[in-house]
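One structure below.
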Amino acid sequence: MTKRILDTIIIVASIFAFITAVVIAMILNSYFMARLEEETIAEARLIGRGAETSEISYFNTTAIRNMHITWIDTDGSVKYDTNMEYDKNYFTDKAFRKAKSFGEYRSSEYSFKKATSTLEYSFRLKDGSVIMVSDVRFSLKEQFVDILRSLMIGMVVLALAALIIANLVARRIVRPINSIDLDDPKIDSSLSELSPLLEKLHTQNQKISNQMYELRRNREQFLQITENMSEGIIVTDIKLNVLASNSSALRLIGAEFYTEGRSVFALNNSESFRRCLQDAAGGIHSETVLHTPEGDREVIASPSNGANTINGIVVLIMDVTEKQQLETMRREFTSNVSHELKTPLTTIYGFSDLLANGMVKSEDVPKLGENIRREAERLITLIKDIVALSKLDENSVPAEKEDVDLYELAEEVISRLSTNAEKKKITASVTGEHIVYNGSRTILDEIIYNLCDNAIKYGVENGTLDVKISHIPKKVFITVSDNGVGIPQQSVGRIFERFYRVDKSRSRKVNGTGLGLSIVKHGVMYHGGEIRCESTLDKGSVFTVELPV
């Protein structure tokens, strides 16, 4: 309080002193500028009469104070210039034209940077030539600095006096107040003016103590309830400062080192999060989804309404990463299925339309029929794969398991694919051991068949395909390797996605549905196993299926 009283007195005194100096400087500046204008015009007139009488010799014989003087002929050329600027032509200059037309012209300019005022006066002589005089004087800023120097002594004396007086007065006023014990204010008869204040402090202390106890008890109950929740919950006041939160909220939103009492936007400052909470603070129930490095988080913010007012907001945060991924997969799957079905159907419809309208030569009918049959087979295969994949997704594959000799099953698959392998002159072989595995023969057949079929489709002429059956304690391995075109490293992680094609232009030329590796992955997962792929572009690929015994 002492410092506040002192600062107030000094600031008020300084402001009045400053305002006084500015007013004086403005008055003096106005006066000096008027005198400057009168003196400059008078001197210019004298110079003009001297120039008319003595021509150029007047300037050479007469001492003229520091002014810029220019004598301009009727055509704009310079007859005389104190700065020796004879190359300049003033024919288009505004001041020259105005003075020549109206007899005289005056203008003034103020430079804030140099703190100067420049007065220019131009007038016409009897012969039509023009005299231009420019005079520069220091203006308001310089005059204010001069006045300020004189006021400094008075301001220092005033500040010292204010310091001493304010210090004495403030100490006398605040001494009784500083002596009050705020935790246990006692009413003293000698301080009758403070008695109402002391009574209120005593009553207020009792209320605060009771309220703090209730708050601590309520907070402990809130923490006990919310800490066991997997969902995050945040409670804020109307200014969006966090009042309470559970550890799940901080973990889900990635702010585990956050301390309560700060703005909720210190947790997350993204645009969608801010808009969601600001809508809730305005009384509107709002929802959004945050995309964080750890996953997707659904944020639901609801206003906490009191008696015709909003007291704060309650924010619920849930991990919806899996839900979002499933939704994305569903949309992509629907889009891809529609596209894959549309292509063969369009082809079948086009060929059928040609046949129906009699627009095909008789010798071309077998060829078109073959195309229709091939596209129909493609549709049947696609639907078959989709159904198989759907059953694997829903775990609705028949649960009958049997002992299957994986070596013999691999030989059987190679035998079924021998025709395709011979077309590309690919040498296929089965190596390893005769290992009997208890599982679904149908699904194991799908796994080996799809891996071998892909190896042949994307193999090279005169290439190789090898299926190896091996095992270690408690694990069985099915390894399918080839020396085909290979897979780019950036695509290896995505080849098991449904309908994913590494090279779409090349894949369209290869007969397939784009679901083979996805069926393989789900078949391996059905048996509780894992599948890995190692591939080098233009050198080949190795797929390893690991099944638990």
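Ranked by the mean number of other Cβ atoms within 10 Å of their residues, highest first, the peptides 97-107, 441-451 come out as 441-451, 97-107. With θ taken as phi - 60° and the Karplus curve 6.51 cos²θ - 1.76 cosθ + 1.60 applied, the whole-hertz 3J(HN,Hα) list for the range 71-83 is 10, 10, 6, 5, 8, x, 7, 8, 8, 7, 8, 5, 9 Hz, x standing for glycine and proline.
Once the Cβ-Cβ distance of residue 274 and residue 490 is raised to the sixth power relative to R0 = 35 Å, the FRET efficiency obtained is 0.50. Shown are 200, 79, whose ranking by accessible area with a 1.4 Å probe and every protein chain present, most to least, is 200, 79.
Proximity of backbone amide H atoms, modeled 1.01 Å from N, is registered between residue 244 and 235 at under 5 Å, excluding neighbours fewer than 5 places apart on the same chain. Counting only protein heavy atoms and using a 1.4 Å probe, the accessible area of residue 537 comes to about 90 Å². Just to verify a number: FRET efficiency for residue 56 and residue 34, C-beta to C-beta distance, R0 = 25 Å, to 0.05? It comes to 0.15. Any of 425/457; 401/457; 88/126; 468/539; 239/323 with alpha carbons more than 21 Å apart? Name them for me. Cα-Cα > 21 Å for 401/457; 88/126; 239/323; rest within.
The values are calculated or read from the model by the stated rules, or taken from the named source; none is laboratory data. None of these values were measured; they are calculated from a predicted model. Here the Cβ is made from the backbone with ideal geometry for all residues, glycine too, and neighbour counts use every protein chain on show. For accessibility, only protein heavy atoms count, side chains too; no ligands or nucleic acids. Shrake-Rupley method; radii C 1.70, N 1.55, O 1.52, S 1.80 Å.
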